[in-house]
Amino acid sequence: QICNQHNAEAPNLEQTFHRMAQTEPNLDHDVSWFLLPPYWAKAIVALISFLCFANSYDGDFVFDDSEAIINNKDLRAETPLGDLWHHDFWGSKLSSNTSHKSYRPLTVLTFRINYLFAGGFYPAGFHVINIILHCTISVLMVDVFSILLGGLQFSNKGRRLNLAPKTSLLAALLFAAHPVHTECVAGIVGRADLLCALFFLLSFLGYCKAFRENKEGHNFSIFWVLVSVILGAIAMLCKEQGITVLGLNAVFDALVINKLNVLELIQKLLHKDKSLENAGLLRKGLLFRITLLMSGGASILYIRWRIMGTGPPAFTEVDNPASFADSLFVRAINYNYYYSLNAWLLLCPWWLCFDWSMGCIPLIKSVSDWRIIALAALWFCLIGLICQALCSEDSHKRRILTLGLGFLIIPFLPASNLFFRVGFVIAERVIYLPSIGYCILFTYGFSLLSKQAKKKKILAVAVLGILLINVMRCALRSSQWRSEEQLFRSALSVCPLNAKVHYNVGKNLADKGNQSAAIKYYREAVRLNPKYVHAMNNLGNILKERNELQEAEQLLSLAVQIQPDFAAAWMNLGIVQNSLRRFEEAEQSYWTAIKHRKKYPDCYYNLGRLYADLNRHIDALNAWRNATVLKPEHSLAWNNMIILLDNTGNLAQAEAVGREALELIPNDHSLMFSLANVLGKSQKYKESEALFLKAIKANPNAASYHGNLAVLYHRWGNLDLAKKHYEVSLKLDPMAPGTKENYNLLRRKLEQLQKKGG
């Protein structure tokens, strides 16, 4: 038998291990599948999980990675480590009204370690860690599935036995190669789900260890129960779903350790039977352990709630339209439709999308909508499985089906909208853990079919074919996650009604300089969602740059009308109004932007430009000074201050500002150039020359740098060098203003000198 093959050290099974459940049918008995030694099985699972996602290792930062990593100040060394415990996943203060309230400090800590070891934002290191985490989790799944499918039994030496090596290997391979996991592995922010899953599984395995020394099922280790609670807390500090492991541990304890018959217990409760103790509720310390789990879970949730603040996160209707529906019926029916789509992604993970919001899934508003069929199918299957899990006379079937449903449903509850509103419609990342339940049910179904099938090998080949298709789908999907262009374009065929998909394609094109194509996608995003203010803002920006100011103003005005606190749109509206020479309106728009975003250096910079155009020099300098206080590396604001002071004859003050700026941004060649001009006018020729040469070294193709250095030499009397740099400047830019005239003056002067010398 299989058990003998995997326990060669003791041939007598009865003497080798104590049973914690009655003898049950072995799932592996009728399954035609690979029987491998434990280490080989784990090696195969690790290899398959690596092959599925290996091609994502050199991908870029994509989608949410920008906000969670690149723009997250909590990753920088200068940010105190203590701030991680008071900020959300995106680096915002938890107390802020705009906070997402996603409290994942341990995940952010791993990002910070990645950043420090890599010496910057190099995505390869981040991707490699994600791949390693998924491989590790997949290997752990072999042990987890062996317990869930084969039961929890130990040798007399305390070694856990794998009584279902074939089916646990199959289930682990299904998990390792499931395409729906691509977002978690290939998307760097998916690390939250990976770390959560890792500690989730360790908590479960730790809970199982509590019964290692248990010979009759009456003794257990409180230490390992507490370790399990602590690991559950760590899982929750990686992502919120982690806390659900404590509920699953309780279900496992009741079903596997205590062999609780749920239906029998319900019947006794309904009939107020006094023999509840015989039903297993109070035996073997179950009540005590569940009390420990519940107390630990309640304490963890209370502490997290206190840290997070009393208010829930604020989401918009476009994030989760069903949750904003007035009708309870509409909300309920759409939530259930979302559940059916999540189930379909587990069954057939072919249509995958990075974002399912913004009209991707239109609301069901009537029972005549054909999509009601999906709800009926989901609940038909669920009710059938629940009936079998409760009513089957086969205790083995009851246990596996209940555990499968438990792992499918319980980790999904935080994303179900039942307890609080979530900020998405469907998110592939949140079914990373629930897919464990899917793999249990799939594998159990395969074992039942194998038992009935006459040609078991054909069935095994079919399952192997599904695995191979999944591996190829994983590789294809992870390649799409390597760049934003591929990721966003892949979504166009899956969610053509999703305004955010069109917006992201447009943004990606705009970032690459393809404004004409970007306009097309931005317009489609606004058409699909007429209240999409971010698309209006970006489209208005492009139209402003193309000097289509009237339409730009209309779009930006509409954006701030829809969202009055949209600071970026107010600033861009101010820029357009400034270009239209409506200065008072522009000034008002800038101040409105600053009112809604107090620390807005770019807005102060643009306000300074407006004041400079109006010859309000003191106001301009103050505005630019505010910009540099808020953002010390704001090169444009520093430069404008130097130039304005230079132009108004305040050379000493211009020099002081220039030196201050270069201390903060020592490698900025434009600042070197501006300060060099000031020093030249102050007749500090040697220092001016040094700065000009340094600026030219940093940017050798700037015609103005060579032209102004030539002017310096010209004034200084160094005519040969002046001639040389005039010629370089004219070669780089034959139309450079003033350079040709200065060069001609120099040539005439040189000719006169030659005549005198002759």
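The values are calculated or read from the model by the stated rules, or taken from the named source; none is laboratory data. Everything numeric here is computed off the predicted structure, so don't read it as measured data. Cβ coordinates were reconstructed from backbone atoms using ideal geometry, including for glycine residues, and neighbour counts include every protein chain displayed. Only protein heavy atoms, including side chains, enter the accessible area calculation; ligands, DNA and RNA are left aside. Shrake-Rupley method; radii C 1.70, N 1.55, O 1.52, S 1.80 Å.
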Query raised in the report: Only one residue in GLU633, GLU663 is at pLDDT below 95 and closer than 22 Å to ILE594 by Cα, so which one is that?
Result: GLU633
Query - Boolean, TYR115 is touching a strand residue (DSSP E or B) at 6+ places or on another chain (Cβ under 9 Å), surrounded by 18 or more Cβ atoms within 10 Å (Cβ to Cβ) and aromatic (Phe, Trp, Tyr) - result: no
Query raised in the report: What do you reckon, is ALA627 at pLDDT 95 or above and either under 22 Å from ASN677 (Cβ atoms) or open to solvent by 60 Å² or more (accessible area, probe 1.4 Å) (or both)?
Result: yes
Report task. Test ALA475 against the criterion of being surrounded by fewer than 24 Cβ atoms within 10 Å (Cβ to Cβ) and among the aliphatic types (A, V, I, L, M), and give yes or no. Result -> yes
Requested in this report: Report yes if THR316 is at pLDDT 75 or above, open to solvent by 60 Å² or more (accessible area, probe 1.4 Å) and of a type in the set (Ser, Thr, Tyr), otherwise no.
Outcome: yes
**Report entry** Hits in segment 78-95 (condition: more than 25 Å from ILE131 (Cα to Cα) and open to solvent by 60 Å² or more (accessible area, probe 1.4 Å))
**Finding:** GLU78, PRO80, LEU81, TRP85, HIS86, LYS93, SER95
Query raised in the report: Restricting attention to segment 122-140, does a residue exist that is closer than 23 Å to ALA235 by Cα and of a type in the set (Gly, Ala, Ser)?
Result: yes
Query raised in the report: Do you know which of the residues in segment 648-668 that are β-branched (Val, Ile, Thr) and more than 36 Å from the chain's Cα centre (by Cα) is least open to solvent (accessible area, probe 1.4 Å)?
Result: VAL657
Query - The one condition in (1) among the charged types (D, E, K, R); (2) more than 23 Å from the chain's Cα centre (by Cα); (3) buried (at least 16 other Cβ atoms within 10 Å of the Cβ) that GLU393 fails to fulfil - result: (3)
Report task. Tally the residues that are within 14 Å of ASN677 (Cβ to Cβ), open to solvent by 50 Å² or more (accessible area, probe 1.4 Å) and touching a residue at least 24 places away in the same chain (Cβ under 8 Å), restricting the search to segment 636-647. Result -> 1
Requested in this report: Check ALA164 against each of (1) modelled with pLDDT under 90; (2) within 23 Å of ALA43 (Cα to Cα); (3) open to solvent by 10 Å² or more (accessible area, probe 1.4 Å) and name the one condition it does not meet.
Outcome: (3)
Requested in this report: Take segment 61-76 and flag every residue that is open to solvent by 10 Å² or more (accessible area, probe 1.4 Å), not in a loop (DSSP other than H, G, I, E, B) and not polar (S, T, N, Q).
Outcome: GLU67, ILE70, LYS73
Query raised in the report: Looking at LEU226, LEU270, LEU237, LEU287, which one is open to solvent by 10 Å² or more (accessible area, probe 1.4 Å), hydrophobic (A, V, I, L, M, F, W, C), over 19 Å from PHE154 (Cβ atoms) and at pLDDT below 80?
Result: LEU270
Query - Members of segment 407-430 found to be under 22 Å from LEU169 (Cβ atoms) and open to solvent by less than 10 Å² (accessible area, probe 1.4 Å), listed by number - result: PHE407
**Report entry** segment 536-552 residues that are open to solvent by 30 Å² or more (accessible area, probe 1.4 Å), paired with ones that are in a helix (DSSP H, G or I) and β-branched (Val, Ile, Thr) (beta carbon under 7 Å, 6 or more apart)
**Finding:** LYS544/ILE575; LYS544/VAL576
Report summary line: Scanning segment 38-57 for residues that are open to solvent by 70 Å² or more (accessible area, probe 1.4 Å) and touching a residue at least 24 places away in the same chain (Cβ under 8 Å), the one nearest to TYR122 (Cα to Cα) turns out to be TYR57
Query - Filter result for ILE383 (surrounded by fewer than 20 Cβ atoms within 10 Å (Cβ to Cβ) and more than 26 Å from the chain's Cα centre (by Cα)) - result: yes
Query - Every residue from segment 98-135 that is touching a residue at least 60 places away in the same chain (Cβ under 8 Å), under 17 Å from ARG304 (Cα atoms) and not basic (Lys, Arg) - result: SER99, HIS100, SER102, TYR103, PRO105, LEU106, THR107
Query raised in the report: Which pairs do you get when a residue that is more than 16 Å from GLY404 (Cβ to Cβ), found in segment 244-259, comes within reach of a residue that is in a helix (DSSP H, G or I) and open to solvent by 20 Å² or more (accessible area, probe 1.4 Å), reach meaning Cβ atoms under 6 angstrom, with the pair 6+ apart or on two chains?
Result: ALA250/ILE290; ASN258/LYS284
Query raised in the report: Any residue in segment 502-513 that is of a type in the set (Gly, Ala, Ser), surrounded by fewer than 21 Cβ atoms within 10 Å (Cβ to Cβ) and on the phi > 0 side of the Ramachandran plot?
Result: yes
Requested in this report: State yes or no: is SER516 open to solvent by 60 Å² or more (accessible area, probe 1.4 Å), part of a helix (DSSP H, G or I), at pLDDT 90 or above and not charged (D, E, K, R)?
Outcome: yes
